[in-house]
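See structure below.
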Amino acid sequence: MSADGRPSPVVVYDLHPGAFTASTDLPAGLKDRRAVRARCFYRESVPHPPRNLDEFRRFLTDKQRKRLDSDLRNHPVVMFGLFWRNQAGLVATVLLTYTDDSGGGRDLYLVVLRPKGVHEMLLRAGPDADLLDGKSVAIIGVGAIGSHVADQLARSGMRNLRLLDYDLLWPANLIRHAAAPGTPAGTTKTGALKEQLEQYPWVTVAIPEETHDGHVWTTDGLRAVVESADLTIDATGHGGLAELAARVAQDAARPYLTVALFRGGAVARVRRQAGVGDTPIAARTHLDAYPQIPPLGDEAEYVGTETGCLAQIHNAPPASVAHAANVAANVAIDHLTGRHDQPDEVIEVIRPGDPPFDRPGRVRPEDLPITVDVTERAQRTMRGAASAALPDETGGVLVGCRIDGRTLVANAIEIPDADADPRNYRIAGDTAAAVIADAREHDSRIGYVGEWHSHTTDPDPSPLDLATMLTVAADPDANDTPILLIAHPSPDGDAAAELRAYATSPTGLKRAKICITGDLPDHYEGQGA
């Protein structure tokens, strides 16, 4: 009996003949005992598995309790099985008791009939365990986030992990690390994690020798890493290393993923570069679909330093660390299993802040700011035509193309309306189609990307503008997000007209930023609109 009165547990893993005597977990005192009094009791229902002798007795009938007491008085080794049914089938708990060597009392053990084989463990790893068998992942940086990524992958059935980190663990690090509490100070992060992960019998952890001398942080070292695994994950949180590793992986045509926390742990971002239509990470800096995440001031991003620590302490709580690691593990598994349901960039807002990070949860494409590139020539055309038409409105169509997912307005073509007045302008009949066809005769790369017109009073879109653009967007042959540009000239026409841009979505018009550019280069083989 244990000091607190509860029986010591003995786990029997297989329910086959001889399993009890064959179990290495059975008490040594039983090895020479041959005569075992065994009895099985069955009940229709039991409130919960008994945890001690008193509960075991309480769950029996009066007749069963008398047999139990008689056996305890008359036999040195007694085994009782209590069986009952639940929704899953037949359930059992076995109580094993025997007199101790001194003859002064009984030792009591609760024998829990539970499997411990690899197959049974992997049943709880999820449906991807078989698909992850044989895959390998290299993780650069197994600190806070990286250690939890490794742990989630191992628990999900990943068999081969390569860990790269030359840092050591100290007592304070364990608050956010996946290593066991009480890990000795000065243990390598890779060593502590290897010991932790290899408790899962299917996992093999490799720690390359070069991880201890920093060789992995060179271009050649990174190339060796990305070529050694089916996926390389950077979890260092170091922007420079992440970009360098992404470029090396791109050059080697190897899958790569990076995960980091931003804004004091308020925002998590996972970037995948896996050659499945993913935009290279190095090319994302100027694209609307990949927003920059501005840092907080150091006083909010970090909580200071501690004696002997060379780096500032990032102010990210353990829950945020685990959240980021879980997102990264899901994206990694999504790639390794070949599903690719996840986008190449995932941003999760944990604590809301400034737009577009002002809503908890995953940042959606519609949450992101939109930029429209407008050539200087198109800008001059709209401003000049809007001022010349005063006091009436004017307008026309926008022609251009899409470059890296962003609309370029190469030119704004005016289509006069003889019936225009200070509040109304319309494009008559098939005039627009003829104008666009003529523009394409001069440059086959361009096509219809939207419409423009002037407003002499209110610079905002009117209800008619909204209805017109939604009708355009509903046309299956139209641009995905047709653009509306509104020119608002000054009443006297002296000042340059203000330009406002709006992108059309299924829910309405969204204000867009205008970026003035040069003309479409002659050599660009872009996507026609």
TODO: Divide, for the stretch 356-472, the radius of gyration over alpha carbons by 2.2 N^0.38 Å, where N is the residue count.
DONE: 1.19
TODO: Whole Å is fine, so just give me how far the alpha carbon centre of the stretch 330-353 lies from that of the stretch 478-520.
DONE: 33
Task: [x] 114, 57, 42; [y] 90, 63, 51; [z] 128, 62, 57, with the label sought being that of the calculated Cα extents along the principal axes in Å - done: [x]
Task: Value of [θ]222 nm, deg cm²/dmol, for the chain, DSSP H segments ≥ 4, -39500 (n - 2.57) each, nearest 500 - done: -7500 deg cm²/dmol
Task: Span-rule helices in the chain, defined as complete DSSP H runs reaching 15 Å or more along the axis (Cα) with Kyte mean at least -0.5 - done: 144-155, 239-252, 318-336, 431-442, 463-474
Task: Percent accessible area from carbon and sulfur atoms, the chain, protein chains only, probe 1.4 Å - done: 51
- [ ] Would you kindly work out the equivalent ellipsoid of the stretch 148-224 from its C-alpha gyration tensor and give its semi-axes, the square roots of five times the eigenvalues, largest first in whole Å?
- [x] 20, 18, 10
- [ ] Enumerate lysine pairs in the chain that are 8 or more residues apart or on different chains, then count those whose Cα atoms are under 25 Å apart.
- [x] 5
Open item on the list: Out of all Cα-Cα pairs in the stretch 313-411, roughly what percent, to the nearest whole number, are more than 17 Å apart?
Closed with: 71
Task: Cut-off 13 Å between beta-carbons: net charge of the residues surrounding Ala420, Lys and Arg +1, Asp and Glu -1 - done: -4
Task: Projected area averaged over orientations for the stretch 71-214, convex hull of C-alpha atoms, nm² - done: 13.7
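The values are calculated or read from the model by the stated rules, or taken from the named source; none is laboratory data. Quantities reported herein were computed from a predicted structural model and do not represent experimental measurements. Heads up, the Cβs are rebuilt from the backbone with ideal geometry, glycines too, and the neighbour counts pull from every protein chain shown. Ligands, DNA and RNA are excluded from the accessible area calculation, which covers all protein heavy atoms including side chains. Shrake-Rupley method; radii C 1.70, N 1.55, O 1.52, S 1.80 Å.
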